[in-house]
Amino acid sequence: MTPIEVFSIANIIVLPMWILLVFLPRWKITRFLIDYKVIPIILSVLYTFYIVLYTIHYGVINFSSLSSVMTIFTQENALLAGWLHYLAFDLLVGMWIVNQNKFLGLNQLLIAPCLFLTFMFGPLGFLLFIVIKAIKNRIR
């Protein structure tokens, strides 16, 4: 499989999970996927493969400067690994938000924007959720 195909497949497999998180967070299948971290594990395996591939071809990964990181991401395997990293961790944050909401009991209409922003912009959705959670806890 080419990196382009893996990129497409990875994007395809995360989208249904995000839809489930937004629209069916309590459904038995959604809960199974959240509890066992099925999609993040698949992404993590792919990530590991592409990081190892990069290391075999280019040696030790140097994150010591912005210039070094920019050079790393000029290589297709490293860039794909970076994208898989984003997909996996953003999805884990989305799953965490849904799990946190089991205790908070916020309306799904408040959680949906947090999940959408986490899907699209990672830390922005996380930050919105933290702000909403803090407001909810202050009101209690």
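Per-residue ellipticity at 222 nm for the chain, helices alone: DSSP H runs ≥ 4 residues times -39500 (n - 2.57), over residue total, nearest 500 deg cm²/dmol?
Counting only the DSSP helices, I get -28000 deg cm²/dmol.
Do you know the Lys pair count in the chain for C-alpha distances under 16 Å, with sequence separation 8 or more or different chains? Don't skip to the end; give the middle numbers.
Details: Lys28/Lys37; Lys28/Lys102; Lys102/Lys133; Lys102/Lys136.
Count of close lysine pairs: 4.
Kindly list the residues of region 31-62 that lie in the label zone of Thr71, defined by a backbone N under 13 Å from the point 7 Å along the Cα-to-C-beta vector.
Only 58-62 pass the distance filter.
What are the ³J(HN,Hα) couplings of region 115-132, residue after residue, when phi is run through the Karplus curve with 6.51, -1.76, 1.60 and θ = phi - 60°? Round to Hz, x for glycine and proline.
With coefficients 6.51, -1.76 and 1.60, one gets 5, 4, 5, 5, 4, 8, 9, x, x, 5, x, 4, 4, 4, 4, 4, 5, 4 Hz.
One quarter of the convex hull surface, Cα atoms only: what value does that give for region 36-113 in nm²?
Value for region 36-113: 6.8 nm².
Can you list the residues, at least 5 places off or on another chain, whose amide H is less than 5 Å from the amide H of Gln75, using H built in the peptide plane?
It is none; the list stays empty.
What do you get when you divide the Cα radius of gyration of region 3-139 by 2.2 N^0.38 Å, with N the number of residues?
Computed over Cα atoms of region 3-139, the ratio equals 1.18.
Below 8 Å between Cα atoms, with a sequence gap of 6+, how large is the relative contact order for region 3-139 in percent?
Averaging sequence separation for qualifying contacts and normalising by length gives 27 percent for region 3-139.
Considering only DSSP states other than H, G, I, E and B, which trypsin sites (Lys or Arg not before Pro) in region 1-76 qualify as loop sites with at most 13 other Cβ atoms within 10 Å?
Arg26
What do you get for chymotrypsin sites (Phe, Trp or Tyr not before Pro) in region 52-140 restricted to DSSP loop and a cutoff of at most 15 other Cβ within 10 Å of the site's Cβ?
Passing both the DSSP loop test and the Cβ count: Phe63, Phe73.
Computed from the coordinates by the stated procedures, all read-outs in this text should not be read as laboratory data. Since the structure is predicted, the reported quantities are computational estimates derived from the model, not experimental observations. So basically every Cβ, Gly included, is an ideal-geometry build from the backbone, and we count neighbours across all protein chains shown.
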